[in-house]
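Novice: A single structure is presented below for examination.
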Amino acid sequence: MSHFAYVDGVLHAEGVSAVSLAEQFGTPLFVYSRAALTEAYQAYAHACAGHRASVHVAVKANSNLGVLNVFARLGAGFDIVSGGELARVLAAGGQAKDVVFSGVGKSAAEMREALEAGVKCFNVESIPELDRLNAVAAEVGKKARISLRVNPDVDPKTHPYISTGLKANKFGIAFDEARAAYRTAAAFAHLEVVGIDCHIGSQITEIAPYLDALEKLLDLVEQIESDGIAIHHIDVGGGLGITYSKETPPDTGLFVRTLLERIEARGQGHREVYFEPGRSVTGNAGILLTRVEFLKPGAEKNFAIVDAAMNDLARPAMYQAYHAIDPVLERHDMPTRLYDVVGPVCESGDWLGRDRSLAVLPGDLLAIRSAGAYAFAMSSNYNTRPRAAEVMVDDQNVFVVRARETVRELFAGESILPA
Ligand SMILES: *Cc1c(COP(=O)(O)O)cnc(C)c1O
């Protein structure tokens with residue numbers, strides 16, 4: 001069920017009208033639904049129940065403290081890719097012992113922070129990273145629990161920028177070198193091998209690439225264990241896609257059960273399984289509300305110039321991504337026209353939607369759908385635009401989970417040269 005639906009011709013977020021949200025908090029405005037976040041997370045958690053399996057929400061998809069707090073209250077673990085994300089998880093009520101630390105370029109300082117906090121596992125992506133982590137762990141006087149991110153070389157059939165499991169990608173350790181890498185890892189005094197992981201890409205809409213990757217991983221695990229190195233958990237990464245337009249990704253429960261059954265069928269059901277969903281637990285739990293500033297008829301195209309821009313939502317400019325755009329107020333009495341929905345930023349790449357059939361007037365509100373993942377998290381201050389506010393709706397209640405930035409805040413750390 002969608003938690004963003006029309007009531008008497010007006011789009012609502014749960015029990016709150018989008019018109020009143022825009023009036024109260026201004027635009028552009030990110031609006032999250034607590035019920036939608038909860039439902040998407042529970043689809044994973046419920047399918048994991050009764051198995052040795054757990055969910056680590058990928059913080060980079062949406063790192064707002066209010067959002068992370070919703071997941072922390074549900075008992076989620078987290079997948080982080082920086083020391084900053086660790087700080088966010090802890091500030092949001094998450095616990096370091098439920099955190100896995102991914103990423104290709106962890107600094108020594110980040111490793112130290114994570115070791116001192118006591119994260120559950122470092123997902124290590126290269127041999128030099130093993131060296132560095134071992135040295136930092138020795139300094140801190142701890143053993144770092146590690147998993148190696150293996151690149152299974154499968155094609156997830158997604159956008160090249162969000163495909164991460166191919167040989168040509170910068171991520172992970174090549175499949176053919178992984179067994180030897182595990183022997184290397186096991187020899188370090190301050191490292192403890194505990195698992196194996198992969199993450200093959202994002203916005204994946206089929207189960208088959210996951211099963212291909214999993215089969216390769218399970219073969220490898222058997223080889224690693226025959227070398228006398230115990231693998232306690234298998235982390236299958238994230239990447240499950242969502243419906244932006246007409247995509248039909250597998251149902252979350254089916255996805256989880258299929259992977260768990262395959263692992264059990266291979267006689268490896270005694271191992272713990274980690275899932276690292278990002279987009280699929282936050283993407284469709286948020287919308288971006290924006291107001292039409294001007295309608296500008298053109299020789300070839302009509303433009304709807306809105307107050308949100310590529311700095312608020314970079315995905316269209318970055319990946320030519322499609323986001324559905326709907327008027328907040330249904331105007332059945334007006335004919336629709338085709339518009340390119342564009343922002344005020346001085347770049348031709350600043351568009352949010354192309355050739356959209358809309359019945360709108362200047363001053364109307366539009367809702368950009370599927371804006372809960374890689375939306376605010378990727379936003380910037382380009383053109384000195386303060387970042388949008390974020391609110392969380394919970395039934396009839398609304399909480400500001402991030403105040404709108406002010407222009408003053410944007411240059412607070414800057415200074416002019418001395419006289
Ligand atoms: C980004 C990322 C995820 C989450 O990916 P989604 O496509 O948002 O589910 C999970 N694990 C790792 C290592 C990642 O880098």
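The values are calculated or read from the model by the stated rules, or taken from the named source; none is laboratory data. Nothing here was measured: the structure is a model prediction, and the numbers come from that model. So basically every Cβ, Gly included, is an ideal-geometry build from the backbone, and we count neighbours across all protein chains shown. Accessible surface areas use protein heavy atoms only, side chains included; no ligands, DNA or RNA. Shrake-Rupley method; radii C 1.70, N 1.55, O 1.52, S 1.80 Å.
Novice: Would you compute, for the Cα atoms of the stretch 332-373, the largest minus smallest coordinate along each principal axis and list the three values in descending order, in whole Å?
Specialist: Taking the Cα atoms of the stretch 332-373, the three principal extents are 33, 24, 19 Å.
Novice: Also, I was wondering about something else. Over the chain, give the accessible area per residue in Å² for a 1.4 Å probe, as an integer.
Specialist: Values: 17640 Å² over 419 residues.
That works out to 42 Å² for each residue.
Novice: On to the next question. Please sort by residue number the trypsin sites (Lys or Arg not before Pro) in the stretch 167-219 whose DSSP state is loop and whose Cβ has at most 10 other Cβ atoms within 10 Å. Before the final figure, lay out each step's value.
Specialist: Working: sites: Lys167, Lys170, Arg179, Arg183, Lys216; in loops: Lys167, Lys170.
For trypsin sites (Lys or Arg not before Pro) across the stretch 167-219 that sit outside H, G, I, E and B with at most 10 neighbouring Cβ atoms in 10 Å, the list reads Lys170.
Novice: Taking amide H atoms as placed 1.01 Å from N in the peptide plane, list the residues 5 or more away in sequence, or in a different chain, whose amide H sits under 5 Å from that of Phe78.
Specialist: HN-HN under 5 Å from Phe78: Val57, Val99, Val100.
Novice: Rounded to the nearest Å, what's the spacing between the alpha carbon centres of the stretch 62-137 and the stretch 372-399? Just the number, please.
Specialist: Computed from Cα coordinates, the inter-centre distance equals 23 Å.
Novice: Can you pull the three principal axis extents for the Cα set of the stretch 334-419, in Å, largest first?
Specialist: 60, 38, 25 Å, listed from the longest principal axis down.
Novice: Return a whole-number percent for the relative contact order of the chain, with Cα pairs under 8 Å and 6 or more residues apart as the contact set.
Specialist: It rounds to 19 percent for the chain.
Novice: Further, regarding this structure: If I take every Cα pair under 8 Å that is 6 or more residues apart in the stretch 33-162, average their sequence separation and divide by the length, what percent do I get for the relative contact order?
Specialist: It rounds to 17 percent for the stretch 33-162.
Novice: With unit charges on the beta carbons (Lys and Arg positive, Asp and Glu negative) and the dipole taken about the Cα centre of the stretch 34-281, which residue among Ile224, Leu68, Ser245 sits farthest to the positive side?
Specialist: About the Cα centre, the residue reaching furthest to the positive side is Leu68.
Novice: Once every Cα of the chain carries one equal point scatterer and solvent is ignored, give the base-10 log of I(q)/I(0) from the Debye formula at q = 0.07 Å⁻¹, two decimals.
Specialist: Each listed q corresponds, in turn, to -0.36.
Novice: Nearest 20 debye, what's the magnitude of the dipole of the chain about its Cα centre given +1 on Lys and Arg Cβ and -1 on Asp and Glu Cβ?
Specialist: 340 debye
Novice: Scan around Val401 for amide H atoms under 5 Å from its own, H built in the peptide plane at 1.01 Å from N, and keep only partners 5 or more places away or cross-chain.
Specialist: It is Glu390, Val391, Met392, by chain and number.
Novice: Over the stretch 1-120, what lengths in whole Å, largest first, do the semi-axes of the equivalent ellipsoid take, defined as the square roots of 5 times the eigenvalues of the alpha-carbon gyration tensor?
Specialist: On the way: eigenvalues 205, 70, 20 Å².
After scaling each eigenvalue by five and taking roots: 32, 19, 10 Å.
Novice: Using the 2.2 N^0.38 Å rule of thumb for compact globular proteins, work out how the stretch 34-281 stacks up: its C-alpha Rg over that value, please.
Specialist: Dividing the Cα radius of gyration by 2.2 N^0.38 Å gives 0.94.
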